[in-house]
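The values are calculated or read from the model by the stated rules, or taken from the named source; none is laboratory data. Everything numeric in this text was worked out from a predicted model, so none of it was measured. Cβ placement follows ideal geometry from the backbone for every residue including glycine, while neighbour counts extend to all protein chains displayed.
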Amino acid sequence: MDDQNGTIYTSDGGETNIIEVSTNQEPYEGMLFESEDAARVFYDDFASCVGFLTRVLSSRKSERDGSIISRGLGCRWVSDNGRKVMQECGQREFCTAMVLLRQEKPGSWVIKKFLKDHKFKEIRYITSRK
């Protein structure tokens, strides 16, 4: 949850974490977070300020205990011809803007990759079908 003052509150296993960040700060490689939740809240807030929604692109689980150790988040927008491309070749052209998060150790998540530029000049959101 964001209190609109740059303080992000996250809950991880019943414990509340408080992180102070600027709500207009751009992500950067090497940026650290106390939890995956904190990193996701931060990227979602950044995306909201810039004008796009996010989606989970990928995730990787630990073979040892099954916990998430890596998560890719990206832009949820697709090209205006997304439906046409989907019909012609069975694929949509998704935007390439994304962030890759990795757990370095318990309680420490870092941005390993950040792609800022969006693939499409004109983008629109396609809602999921029921």
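Data table
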{"quantity": "Cross-chain or 6+ apart pairs with Cβ under 8 Å, the stretch 108-119 first and more than 21 Å from GLY51 (Cα to Cα), then basic (Lys, Arg) and in a strand (DSSP E or B)", "calculated": "TRP109/ARG102; VAL110/ARG102; LYS112/ARG102"}
{"quantity": "Residue list for the stretch 1-38, filter: under 16 Å from LYS116 (Cα atoms) and either over 15 Å from the mean Cα position of the chain (by Cα) or at pLDDT 90 or above (or both)", "calculated": "ASN24, GLU26, PRO27, TYR28, GLU29, GLY30, MET31"}
{"quantity": "Selection within the stretch 82-130 - assigned to a loop (DSSP other than H, G, I, E, B), of a type in the set (Lys, Arg) and either at pLDDT 60 or above or exposed (fewer than 14 other Cβ atoms within 10 Å of the Cβ) (or both)", "calculated": "LYS116, LYS119, LYS121, ARG129, LYS130"}
